[in-house]
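The values are calculated or read from the model by the stated rules, or taken from the named source; none is laboratory data. Being a predicted model, the structure only gives us computed values, none of them experimental. Cβ: placed from backbone, ideal geometry, glycine included. Neighbour counts: every protein chain shown.
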Amino acid sequence: MNEMNMPSSESIFAVMMIPIIISIILCIVIVAAEWKMYSKAGQPGWAVLIPIYNIIVLMRIIGRHWTRLFVYLIPLYNIIAIIQDIHRLSKSFGKDAGFTVGLIFLGIIFYPILGFGSAKYVGPNGVSPGGTPTANDRQPAYLQ
């Protein structure tokens, strides 16, 4: 094979660096959005940077006990638990099930909307700090 047709190692390196740079930028955006989201909820934003502790703080934001973290270690059930907790997170900021779907499938877009947007923290699981449940939290008449 002729050496003239082979790309240089510098050009290969440059092409390989593009996805790495994009990934780093996306990680920075997500960390900044979650930092802002934690701050809106009255929690320390730096907690986002500490592994495991960030989940404990997230459990506090959504109104779950920190031991819920152990449920994440159970295979298959952890997927259901994470979806439930993401839904509680969106309800904690006054959003509905549609926003939960966005957080699950398009998190790179919806987490910055939650962090940098106009969403306000309304309390764990959407219950206002005064304890008054929102319309979504009220039990149907047949369960009362």
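Residue by residue through the range 39-82, note down the ones that are among the β-branched types (Val, Ile, Thr) and in contact with an Asp or Glu (Cβ under 8 Å, 6 or more places away or on another chain). Let's see the steps before the verdict.
The first filter runs over the range 39-82 and keeps only residues among the β-branched types (Val, Ile, Thr), leaving 48, 50, 52, 55-57, 61-62, 67, 71, 74, 79-80, 82.
Within the range 39-82, Val48, Ile62 meet the criteria.
Checked against (1) of a type outside the set (A, V, I, L, M); (2) surrounded by 16 or more Cβ atoms within 10 Å (Cβ to Cβ); (3) farther than 22 Å from Val127 by Cβ, Phe70 passes all but a single condition, namely (2). No other residue among Leu69, Leu89 is among the hydrophobic types (A, V, I, L, M, F, W, C) and at pLDDT 95 or above apart from Leu89. Tally up the residues in the range 96-113 that are surrounded by 15 or more Cβ atoms within 10 Å (Cβ to Cβ) and closer than 15 Å to Trp35 by Cα, please. The total comes to 4.
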